[in-house]
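Okay, so here's the structure we're looking at.
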Amino acid sequence: LPSDNRGMNHNYISEIKGAPNGVIWFGTLGGVSRYDGKEFITFTTTGGLAHNFITAIHRAPDGVMWFGTQGGVSQ
């Protein structure tokens with residue numbers, strides 16, 4: 001998914017998921033923000049998300065991140 005580096009994109013956090021590599025994923029009303037300890041990278045519908053309201057985040061055993069949204073599932 002294409003992204004931008006604007007930082008946390010919304011103050012409403014619906015889901016938080018940590019990854020083994022230390023990255024933290026934040027589901028918000030405005031998309032998904034990824035924090036690597038130094039910067040936020042934000043993913044939105046312009047980059048391919050089904051909807052910007054994230055309702056769930058799941059890390060599959062193969063490391064793929066899945067995002068449940070109000071508009072369906074995105075990877």
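The values are calculated or read from the model by the stated rules, or taken from the named source; none is laboratory data. The shown structure was predicted, so the numbers you read here are calculated from the model rather than taken from an experiment. Backbone-built Cβ (ideal geometry, glycine too); neighbour counts: all protein chains shown. For the accessible areas, the whole protein counts, side chains as well, though only heavy atoms, and no ligand, DNA or RNA atoms are used. Shrake-Rupley method; radii C 1.70, N 1.55, O 1.52, S 1.80 Å.
Highest average first, the peptides 20-30, 58-68 ordered by how many other beta carbon atoms sit within 10 Å of their residues are 20-30, 58-68. When Rg and the Kirkwood Rh are both derived from Cα coordinates, the Rg/Rh ratio for the chain amounts to 0.92. Carbon and sulfur: what percent of the chain's accessible surface (1.4 Å probe)? Answer for the chain is 51 percent, counting heavy atoms of protein chains only. Take every Cα pair under 8 Å whose residues are at least 6 apart in sequence, average their separation, divide by the length of the chain, and the relative contact order is 27 percent.
Solvent-accessible area per residue in the chain equals 57 Å², computed with a 1.4 angstrom probe and all protein chains kept. For the stretch 5-41, the set of trypsin sites (Lys or Arg not before Pro) satisfying both a DSSP loop assignment and a count of at most 10 other C-beta atoms within 10 Å is given as Lys38.
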